[in-house]
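So the structure is just underneath, and the comments pick up after that.
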Amino acid sequence: MSTKANLYLDQALAATGFAVIDSTIACTLRPDLWSSGMEAAGDFSPTFFRPTDRIGVRRYRGYLEGREDRPVDILARSHDRLAMRVEWITGMKLVDLYEVLPQRSPMAVGAGVVPPRNDRHARSEDVHAGVATKEPGRACGECDHLSVAGRCMRASVSTLEWPNQNAPRRCVAFQPKFDANDQRNGLQLWPELKEVASA
């Protein structure tokens, strides 16, 4: 069904690679689609708007600075510098961001496999969830210590032998791949974790 909300979503994904699913932000970014915040809020109502899965698009959930009481959903084609890109476009800083993994049916989940948890306190397997850092987390898939098979070769430090490769985490063992634009390692990215690492 073609709606203004779906048009906003498709055009935002095409232009920036991500779309913030929030009526206030959508109305601010696209005043050509909505004449008022109330009109936009109606279009984004769960009764009328349910963003369908799109090929190559992942779902994230974040908390915007000053609005930590309610999460905001973000659809994006890439996690690379997503928090920074959201701030550039919206002018609002993301204080937290994690990937919402698709729900699996009980039959699809094999024996001994625990379905992903999306609650805020268990987000992204980040063992430093209670530590505030200036830089957001990086995906394990961007780390040089992740083997081709998906095993963390510094599991004694990261505490996860088989991490979710796409979930952003903060890890003192993080080492960027040789071709990464940002060559800072874990302790350079997150100096706030230095005391935790030495404890």
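Points worth noting:
- Residue count, the stretch 137-165 (criterion: in a loop (DSSP other than H, G, I, E, B) and open to solvent by 60 Å² or more (accessible area, probe 1.4 Å)): 10
- Screening residue 47 with (1) modelled with pLDDT under 90; (2) closer than 28 Å to residue 165 by Cβ gives one miss only, at (2).
- Residue 86 under 13 Å from the mean Cα position of the chain (by Cα) and either modelled with pLDDT under 85 or of a type outside the set (A, V, I, L, M) (or both): no
- Tally of residues being under 16 Å from residue 26 (Cα atoms) and of a type in the set (Phe, Trp, Tyr) across the stretch 64-103: 1
- Of everything listed in (1) over 18 Å from residue 80 (Cβ atoms); (2) modelled with pLDDT of 80 or more, the single unmet condition for residue 103 is (2).
- Among the residues making up the stretch 1-43, those that are assigned to a loop (DSSP other than H, G, I, E, B) and open to solvent by 30 Å² or more (accessible area, probe 1.4 Å) are 1, 2, 3, 30, 31, 32, 35, 36.
- Only one of 50, 54 that is among the charged types (D, E, K, R), surrounded by 11 or more Cβ atoms within 10 Å (Cβ to Cβ) and within 21 Å of the chain's Cα centre (by Cα): 54
- Scanning the stretch 166-191 for residues that are open to solvent by less than 70 Å² (accessible area, probe 1.4 Å), in a loop (DSSP other than H, G, I, E, B) and farther than 14 Å from residue 80 by Cα returns 170, 171, 172, 173, 174, 175, 185, 190.
- So residue 91, is it modelled with pLDDT of 75 or more and closer than 28 Å to residue 183 by Cβ: no
- Count of residues meeting criterion [touching a helix residue (DSSP H, G or I) at 6+ places or on another chain (Cβ under 9 Å) and farther than 17 Å from residue 73 by Cα] in the stretch 1-14: 2
The values are calculated or read from the model by the stated rules, or taken from the named source; none is laboratory data. Quick caveat, the model's predicted, so the values are computed rather than measured. FYI the Cβ positions are ideal-geometry reconstructions off the backbone, even for glycines, and counts take in every protein chain you see. These accessible areas exclude ligands, DNA and RNA; they are computed on the full protein's heavy atoms, side chains included. Shrake-Rupley method; radii C 1.70, N 1.55, O 1.52, S 1.80 Å.
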